[in-house]
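Data first, discussion second: the structure below is written as structure tokens.
The values are calculated or read from the model by the stated rules, or taken from the named source; none is laboratory data. Here the structure is a predicted model, which is why all the values come from computation and not from measurement. Because the Cβ atoms are built from the backbone with ideal geometry, glycine has one as well, and the counts that use them run over all protein chains shown. Side chains are part of the model used for accessible areas, which takes the heavy atoms of the whole protein and leaves out ligands, DNA and RNA. Shrake-Rupley method; radii C 1.70, N 1.55, O 1.52, S 1.80 Å.
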Amino acid sequence: MATRSETMKRAMAGTAMPSSLPRWRSAIARTTVQQRVWVLTALIIAIAAVGASIVWGYETIAANQRIPWWILVPLFYLGEVTVVHIRFKRNTQSFSMSEIPLVLGLFFASPAVLLLSQLTGNALALTFTRRQPLLKMVFNLAQFTLVNVVSVVLFHGVLGGADPFGAIGWIAVIGAVSVGNIAANVLVHTAIRITGGRLTRGQIAEVLLLSTLAAAVNTSIALLAVTLFELRPTAVWLAMLPLAVLYGAYRAYVGQKQERSRLEALYEITRVLHASPQIDMAIGAAAENIQQTFEAERVDILLLDYPN
């Protein structure tokens, strides 16, 4: 009987050594989900650090007004606390009001103050209010920072020496925030994929459309606040009322969407139960619909046989 080493030698004989690509694939397959997310997070942090080092020495765009860090930090905190969640089975896509402090910071704070304020405010919100797990919190902080770094780079690059409060400045802000929104969606979708989740093309398109519209509306209101703050700082609070109404509209829309989805799922369950000729097929189809309706990972059905 051949020993283990002899068997391995025979198997190796006449067999070409595998290329490096299958080895890499095998190594990736052996990594856990958390390890993959940590690797992605580390990559995001590295890119954000390089980008931050490029814009760290940039000066404040506006010459007349300044927003200090002790105002920006609470604004970023509030922007990340007032979030609206849209759930897709086990995955959640969140929309916040973070564009408001970002746009204000682009005009009235240096990139160094903006990035440090964003990191501090978001860290406080994710740690003490939303109480996210460590890995999710670090990933979110990393992608928030990278998105803001991208926005700063694009805003300063497009603006150049033009008037920041003119048409070029508005285009620069809208473009920077829009590209940052796309980058955030790509990063979140990548994290969802490597954790085993999967969104359909329709869901991806819906998330991108909603986030783009929300970012555009938030940016427009923020530009109104920027104009008010530059012309009459004491009147900037007039822009807060539209924000409150907008946040209420976001929540009402998401609530109505989820309620409609559940009603449609319940209707489908009832239809399947009445249409299926066999009870086992009907129960299986109903269990699948219930799982999707309540976003559960598992559904157990208990059948009781009562004596006559």
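Being among the aliphatic types (A, V, I, L, M), surrounded by 18 or more Cβ atoms within 10 Å (Cβ to Cβ), under 30 Å from residue 45 (Cβ atoms) and touching a Leu at 6+ places or on another chain (Cβ under 7 Å) is the requirement here; does residue 184 meet it? For residue 184, the condition - among the aliphatic types (A, V, I, L, M), surrounded by 18 or more Cβ atoms within 10 Å (Cβ to Cβ), under 30 Å from residue 45 (Cβ atoms) and touching a Leu at 6+ places or on another chain (Cβ under 7 Å) - is not met. Only residues that are under 30 Å from residue 59 (Cβ atoms), out of contact with any Ser or Thr (no Cβ under 9 Å at 6 or more places or on another chain), of a type outside the set (D, E, K, R) and outside any helix (DSSP H, G or I) were counted across the stretch 161-219, and they come to 4.
In this structure, residue 36 does not satisfy being modelled with pLDDT under 85 and either open to solvent by 50 Å² or more (accessible area, probe 1.4 Å) or farther than 30 Å from residue 251 by Cβ (or both).
Inspection of the stretch 44-59 identifies no residue that is modelled with pLDDT under 60, out of contact with any helix residue (DSSP H, G or I) (no Cβ under 8 Å at 6 or more places or on another chain) and open to solvent by 70 Å² or more (accessible area, probe 1.4 Å). Looking at the stretch 217-247, which of its residues are open to solvent by less than 70 Å² (accessible area, probe 1.4 Å) and more than 29 Å from the chain's Cα centre (by Cα)? Answer for the stretch 217-247, where residues must be open to solvent by less than 70 Å² (accessible area, probe 1.4 Å) and more than 29 Å from the chain's Cα centre (by Cα): 228, 229, 230, 233, 235. Condition (residue is touching a helix residue (DSSP H, G or I) at 6+ places or on another chain (Cβ under 9 Å) and closer than 20 Å to residue 221 by Cβ) applied to the stretch 190-207: is it met by at least one residue? Checked against the condition, which is being touching a helix residue (DSSP H, G or I) at 6+ places or on another chain (Cβ under 9 Å) and closer than 20 Å to residue 221 by Cβ, the stretch 190-207 yields no hits at all. Looking across 149, 173, 179, 158, one residue alone is open to solvent by less than 30 Å² (accessible area, probe 1.4 Å) and farther than 17 Å from residue 46 by Cα. It is 173. Would it be correct to say that residue 97 is in a loop (DSSP other than H, G, I, E, B) and under 21 Å from the mean Cα position of the chain (by Cα)? It is true that residue 97 is in a loop (DSSP other than H, G, I, E, B) and under 21 Å from the mean Cα position of the chain (by Cα). Considering only the stretch 131-146, state which residues are open to solvent by 60 Å² or more (accessible area, probe 1.4 Å) and either among the charged types (D, E, K, R) or assigned to a helix (DSSP H, G or I) (or both). Across the stretch 131-146, the qualifying residues are 131, 134, 136.
Being over 18 Å from residue 46 (Cβ atoms) and open to solvent by 30 Å² or more (accessible area, probe 1.4 Å) is the requirement here; does residue 124 meet it? It is true that residue 124 is over 18 Å from residue 46 (Cβ atoms) and open to solvent by 30 Å² or more (accessible area, probe 1.4 Å).
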